[in-house]
Structure formats: structure tokens, C-alpha cells
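The values are calculated or read from the model by the stated rules, or taken from the named source; none is laboratory data. Quick caveat, the model's predicted, so the values are computed rather than measured. No Cβ is skipped: glycine too gets one built from the backbone with ideal geometry, and neighbour counts run over all protein chains shown.
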């Protein structure tokens, strides 16, 4: 009997031992799975943080680039590069829409070498995945998995701005996992933001262009009052744009410089015409009144928020590079660059126009006078930019 009980007891102990071993193994397995789940969640969290950082960096940079109309391709490159980073794509392309031909042309490629496998770099609407995305105006995902690349897929996102098709962004992933709907939604959100930014940029550009053309019309009207000034403001504006290009200045600076070229003498409306058109030499007192016109112009422009950057260009356009000008006797780079440019435009306009006391100088004679003033009245670097502009624009400056 004791032997039987002992045998049963030993058997129970063995069974319990086996159960304990199994429980320990099961517990270790659960812990391993839990650990793997935690690791996977951490990876996903890191991925989302990375994407947030990409968007935080990309969106302000995009706004900055879009504010410069000259950066035609730069904003596209940023969108391709940041879009690739958002979804870990190997390559990205932008297909630009040609409205007249009703087709798309391969405009930019970024990332690893992208081969079209003999396909054309121009596609018609409704043709292929690019054409379908363009015509349907919705993102299209194409999965092209293979044994070597099970995650191979492509995404086509149309760019629609103010209801108009601009093109299609294409993203190619050759490795990793298949593109998820979450990634598609993320990239679509990014390009929706781009479309809104482009709409806002165009609205601002059209508004600014309207203001500039309005001022141009007013300036033309004022020019028409005196035959000797006919077309002078328009020539000054064109020269200003050319000089800004020669000096490699940004578009925003150029925009305000055009205003300054048109309005640098606006302060003269506060001075009597009999004094401005006096045929003889001005007295000292009369010249002191004339010298007030930059300050009058500044007082007119400074309170206007949109024209605030123009006001200093107008105030200091009679300063000399050697410090012997007015109203404050500034010299060298103390004088704002815009004012140094307008100083030459003002002198050029005066020399190439008829005055009550003399006839207009010829183009070559006026250029010689500008050259002589380099280093004294004018900034030598700005003089070089002016001469280069005159040569490029040719007959534009002829009367």
C-alpha cells in the first residue's frame, strides 16, 4: 500500500513538474511576443515621429520657396525629396501637364536611377497610370510585387490648383513593404497643402501685379503732362528690373524696387510747378525747397504698409556714394541698395530727357556721365550693373 501511494505521489510530482515546465515555456513565449510587440510599436512610433519631423521641416521651407516666383523648379524638388522621405520611396518624378497638347511630360526625377523601360517621357491623358491619375484627378496606387521585391509599388498623386491640373507626382518604392493607405493619405494631405499654398501665392502675386500696374498707369498719366517725361517712368521700371537681375537680387526686392523706380519723385507733388519748370538757374532758397522732395515722398509712402519697404529707397535716392548728397549725408553701404539703384535711374532719366535749360543728352554721352560718377555720386558696383542692363536692353532706353 505504501509502495502504491509512493508511486502515485511520484507520478503527481512528475506531472506537476511537466505542467510547470510547460507553463514556464508558455510564459516565456508570451513575454517574447510581448517584447516583440513592444519593439514593433516602438518602430512604428519612431516612424511617425520621423514623419512629423519631416513635415515640420518641409512645410515652412515650402512656404519660403513658393514666395519666390523665380524658384520654378526648387519647390518641386523639395516636394519630391520630402515626399520620398515621408513614405520611404526609392524614386520620385513630377509629370508636368501641357494643357494645349493635353499630355504630360516627365519634368523632374529624384532618387535612385529611374528607368522607363523604353516607355515615352510624354503620355496622353487617360493613358497609363500617370494619365489615369491626371484625368480622374485622384491618387492611384499600383502594386507591382515580384518574388524579389514583394513590396514593390507606385503611387500617382495629381496636383490640382484652383481647379486646374498642374501635373502628377509619381513615387516608386522598390523595396520594403507595400504602400499602405495611411501612407497614401499622408502624402495626399501634404500635396493638398501644396495646392492651397500655390493658390494663395497666385492670389498674392496677382494682387501685387495689379497694384504695380495701377501705379504704372498713374505714372504714365503724370508723364503725359510733360512731353519731355513721356515714357520715362516705364523705362525706369524696366531698367530697375534689369539691374536687380544683374545684381542677383530676390524677386521680393525687385518688386519693391519697381515701385521705387516709378515713385521716387512722388514728393515733387508738394512743390509748385513754377519752381520745378523754372527755365533759369535756381536760387539757393529755391534749391533748398527742391531738396525736400525725397522727405516729402517718404512721408507719403511710409504710412502705407504695403509700400513701407519702398519709403527708404525714395528717401535716400539723392544721397551720394561719397557722402555729399542729401537729406542725411549717408555714404557707401549706409545708403540702402534700392536707393543706390534709384539714384542712377533718376540721374539717367534727367540726362536723357529735355529740360527747360538744355536738350537731352545722347545715350553714349549719358553713359559717360554715369561712368564718371562711379565712386563719387554712384556705387561703382551698381554702375556696372546699370551699364550691363543698358547694353542688354538696347533700344529700350532710347528716346
Residue within region 69-87 that is over 18 Å from residue 189 (Cβ atoms), over 16 Å from the mean Cα position of the chain (by Cα) and modelled with pLDDT of 70 or more present: no
Any chance residue 206 is over 22 Å from residue 104 (Cα atoms) and exposed (fewer than 14 other Cβ atoms within 10 Å of the Cβ): yes
Candidates 137, 116, filtered to the one that is loosely packed, with under 15 Cβ neighbours inside 10 Å, modelled with pLDDT of 90 or more and over 22 Å from the mean Cα position of the chain (by Cα): 137
Criterion violated by residue 197 - all others in (1) crowded, with 18+ Cβ neighbours inside 10 Å; (2) at pLDDT 85 or above satisfied: (2)
Residue match in region 345-355 (condition: without any contact (Cβ under 8 Å) to a residue 12 or more places away in the chain, out of contact with any helix residue (DSSP H, G or I) (no Cβ under 6 Å at 6 or more places or on another chain) and part of a helix (DSSP H, G or I)): yes
Residue match in region 366-378 (condition: in the same structural domain as residue 250 (by TED's automatic domain parsing) and within 33 Å of the chain's Cα centre (by Cα)): yes
Test: residue in region 314-328 that is within 24 Å of residue 214 (Cβ to Cβ) and assigned to a helix (DSSP H, G or I): yes
